[in-house]
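Structure first, commentary second.
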Amino acid sequence: MFLLKNHLIYFIINKDNYFFILEVVGIMYKQFEERAEKIISQMTLKEKVGQLNQITITSFKNDFDSLKSFIREGNVGSIILASSATAGNDPQGHVNMEFYNELQKIAVEESRMKIPMIYGRDVIHGHRTVYPLPLASAAAFNDSLVEKCYHNIAEEAVSDGIRWTFSPMLDLCHDPRWGRMVEGPGEDPYVGARVAEACVKGFQGDDLTAKDSIVACAKHYLGYGASEGGRDYFRTEISDTTLYNTIVPAFRAAVKAGVGTVMSSFNDINGTPVTGSKKYLSDILRDKLKFEGFVVSDWAAVEQLARQGYAEDRADCTKKALEAGLDLDMCDKCYIENLEKLVLDGKVSESTVDLAVKRILCVKLAMGLFDRPYGEKVDYDRAEHLADAKALAAESMVLLKNNGVLPLKKDANIGLVGPFVTERRSLLGTWTLDGSADETPNFLEAMKSKLRGGKLFCRDLSGIFDNSSTINYKSDVVVLALGESYLTTGEAYSVSDISLSKDQLELVDKMHSMGKKTVGVIFSARPMALEGVADKLDAIVYAWHSGSETANAAADILFGDTVPSGKTAVTFPRKTGHIPLYYNITASGRPVDGYYGVNPQNNYVDSVATPMYPFGYGLSYTSFEYSAPKCDTTEIEYNDLLNGKSFTVSVDVANVGDYDGKETVQLYIRDKVASIMRPIRELKGYEKVLIEKGTTKTVSFSVGAESLGFYNENGDYVIEKGEFEIFVGANCLTENKITVRVK
Ligand code: NOJ
């Protein structure tokens with residue numbers, strides 16, 4: 001292991017498998033330990049406990065004198081810039097930087113230790129400029145664009161004095177009923193890991209002290225996305241192999257990318273609340289993942305240990321959380337009220353407190369907060385941010401169906417109907433604290449701006465209309481603006497049915513019965529159940545809640561100014577009753593692998609249970625043809641693999657259609673026989689490439705140890721000899737494969 005600039009080059013030698021891997025672990029917080037320890041040596045116990053306390057100023061109920069003296073006495077390590085526990089859908093005021101700079105001045109000039117406070121806010125998928133919801137932007141499969149957009153977000157956030165964001169949310173999820181699935185990267189651990197890396201790099205950049213850098217927070221660690229039944233804040237049962245192979249990888253990638261902070265999750269795993277779990281917060285996060293930053297609780301999650309039946313009272317909650325490895329207490333005042341006494345009574349050791357303080361100070365030092373404690377504006381180009389938001393929104397949108405009706409002609413007469421014709425707020429999506437609905441173009445405006453000679457006949461509510469209505473008899477084609485409100489998504493907003501609302505279903509039926517060419521544009525945050533809807537529409541564009549530029553990006557796609565290129569990062573089930581439905585399942589011994597089309601009726605007697613749209617799926621206005629994959633070897637020596645050797649799999653992709661277009665080429669593996677059953681397909685590589693019409697591109701993937709192994713129940717990475725099928729294609733159902741043997 002050695003140091004290079006601020007980064008640690010890390011070799012893991014696993015004696016059992018003789019396996020080593022070269023990892024570049026991001027920013028190293030531990031290098032600030034000496035300075036942190038020096039500060040700690042001068043602190044009183046009370047001041048140390050203050051560093052572990054995060055407050056919301058709303059708890060002071062406008063009594064600013066008390067707030068200021070509380071800070072002056074060294075009781076506050078951090079302030080959350082939110083006024084309520086579920087900030088995602090509750091309106092929050094904008095951040096008043098001058099006011100927070102004034103409070104910071106008290107901490108750095110008037111408190112005895114002069115330690116700056118760190119301000120955190122939920123800057124999730126945008127600030128003033130809002131980008132697609134994470135589940136949508138995962139569908140872009142464009143890491144560099146995501147990274148660029150998250151850097152833009154950082155620029156806007158720091159300009160409001162925000163130096164720490166509670167993002168990215170990395171909860172893998174198999175249940176679209178869960179309102180929070182939309183905040184995360186979807187169902188696939190590999191996508192989760194790539195998204196994690198892109199977001200952390202985008203927010204933090206290479207240098208945390210840079211003026212346009214913001215500290216990221218990987219959340220919700222751990223397993224929150226497995227909340228039973230899609231209910232929020234609910235229990236989970238997760239085996240250790242599922243944990244290591246499915247849930248941990250995105251967090252591992254975030255840590256590797258240098259994420260400064262991690263937020264613990266509300267849920268329990270197998271009966272142990274994560275907030276109070278040494279196994280999750282220390283043994284896995286610190287020892288296995290090598291995380292060096294600090295852990296913040298979720299809002300009031302420390303005190304909830306008592307309600308979860310895991311701690312006796314608030315003092316016990318405090319002891320359990322701190323000793324588990326939870327450093328900063330968000331908003332429930334457990335630490336500030338109990339910790340000093342617990343130490344004085346000999347119930348908690350002061351060295352445990354010191355360790356938590358040290359981790360927090362290391363992050364504050366790493367981000368240069370002591371040298372630059374105040375919020376200051378940075379120059380950024382809003383027009384460029386909006387252009388990037390539109391580009392990412394367009395790449396996130398998925399063309400699910402097209403029988404030739406799209407793209408629309410700009411001189412066509414178009415009927416525009418549905419509840420999302422004039423809607424603005426929902427287009428931004430949940431967890432939009434600072435974006436403005438008023439500044440967000442609606443679909444009507446966007447469609448209007450595209451027409452050249454055509455006319456729009458518009459109705460913004462579903463309403464009843466018949467053959468004689470203007471919309472029907474004057475339009476060449478009808479576009480239905482369908483979807484769901486942002487208020488059916490986000491924290492504490494789960495649903496039990498992922499279908500379109502009844503009035504929208506009636507609207508689709510009505511249009512269908514009138515025999516008009518109909519396009520559905522669906523503004524939604526989760527995959528909705530489209531059985532009974534899709535067959536009545538001639539084309540479907542899944543536009544998601546894609547942020548500030550949702551409507552413009554959707555209109556660009558409808559009129560062919562942008563060729564669609566999004567691919568689903570989550571499976572679309574036909575109906576709610578098919579949940580959970582995800583692609584990387586293990587094989588059944590009986591004929592029920594319905595996802596892959598083998599006797600699908602054996603899954604349920606009352607319905608076909610194959611996905612409506614599988615993982616990785618999306619159409620274009622052009623067509624791509626894949627050659628059979630080629631590999632530079634048919635076998636590889638096990639020891640060569642362990643020593644870092646890889647092989648190359650490549651495929652030729654031809655654009656045989658009429659448009660230049662982007663295609664996300666996907667590589668999946670199947671480890672045919674293993675000591676633990678491996679999934680039928682596992683995504684291990686993707687590359688999005690622009691292919692001009694009439695041309696062919698060769699796309700190559702290097703496949704090595706990091707793609708062929710898995711984690712056992714102890715969290716050790718193992719590779720086993722045997723045959724591996726390597727699939728390369730346009731989505732997870734591809735049968736385009738080659739076999740390589742590890743011998
Ligand atoms: C609760 C949410 O679970 C979390 O995602 C958020 O960051 C915090 N509240 C702070 O608002």
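Each reported figure results from applying straightforward, stated rules to the coordinates on display, with no laboratory input. Note that the coordinates shown come from a computational prediction; the quantities given were computed from them, not determined experimentally. Backbone-built Cβ (ideal geometry, glycine too); neighbour counts: all protein chains shown.
Pairwise Cα separations in the range 24-367 fall into 10 Å bins from 0 onward with the following percentages, short to long: 6, 27, 37, 24, 6, 0. Computed as a quarter of the hull surface, the mean projected area of the alpha carbon convex hull for the range 377-471 stands at 8.7 nm². Excluding same-chain neighbours fewer than eight residues apart, the lysines reachable from Lys68 by a Cα-Cα span under 16 Å are Lys105, Lys114.
With both residues required to sit in the chain, DSSP beta bridges show an antiparallel share near 60%.
For the pair Asp476 and Ser588, the difference between a 0.36 nm per residue extended length and the Cα-Cα distance amounts to 35.5 nm. Each peptide in 128-138, 700-710 was scored by the mean count of other Cβ atoms within 10 Å over its residues; highest first, the order is 128-138, 700-710. About the centre of its Cα atoms, the range 622-742 shows a dipole size close to 100 debye [charges on the beta carbon of Lys, Arg (+1) and Asp, Glu (-1) only; nearest 20 debye]. Evaluated with a Cβ-only charge set (Lys, Arg +1; Asp, Glu -1), the chain carries a dipole of roughly 520 debye about its Cα centre, given to the nearest 20.
Pairs of C-alpha atoms in the chain farther apart than 47 Å represent 20 percent of all such pairs.
When the inverse distances between all different Cα atoms of the range 256-323 are averaged and flipped, the Kirkwood radius reads 12.2 angstrom. Close amide H pairs (under 5 Å, H built 1.01 Å from N) link Leu456 with Ile414, residues at least 5 positions away or on another chain. Pairs from the list Lys38/Lys333; Lys48/Lys347; Lys38/Lys288; Lys319/Lys341 with a Cα-Cα gap above 20 Å: Lys38/Lys333; Lys38/Lys288. Hey, got a sec? Which trypsin sites (Lys or Arg not before Pro) in the range 353-391 land in a DSSP loop and have at most 16 other Cβ atoms within 10 Å? Loop-located and lightly packed - Lys377. The string of couplings for the range 635-641 from the Karplus curve (6.51, -1.76, 1.60, θ = phi - 60°) is 8, 9, 6, 3, 5, 4, 4 Hz, one whole number per residue in order, with x for Gly and Pro. For the chain, build the charge dipole from Cβ charges (+1 Lys, Arg; -1 Asp, Glu) around the Cα centre, then report which of Leu482, Pro134, Thr698 sits farthest towards its positive end. Farthest towards the positive pole: Thr698. Once the mean of 1/r is taken over each pair of separate Cα atoms and inverted, the range 597-707 shows a Kirkwood hydrodynamic radius of 16.7 Å.
Using every pair of separate Cα atoms, the Kirkwood estimate puts the hydrodynamic radius of the range 658-743 at 14.3 angstrom. Across the cross-link table entries Lys278/Lys688; Lys409/Lys662; Lys279/Lys575; Lys358/Lys645; Lys450/Lys510; Lys219/Lys377, which are compared at the Cα atoms, the separations over 29 Å belong to Lys278/Lys688; Lys279/Lys575; Lys358/Lys645. The average projected area of the range 398-565, computed from the convex hull of its Cα atoms over all directions, is 9.3 nm². From most to least packed by mean Cβ count within 10 Å, the peptides 417-427, 184-194, 651-661 give 184-194, 417-427, 651-661. Computed over the range 695-743, the quotient of the alpha carbon radius of gyration and 2.2 N^0.38 Å is 1.42.
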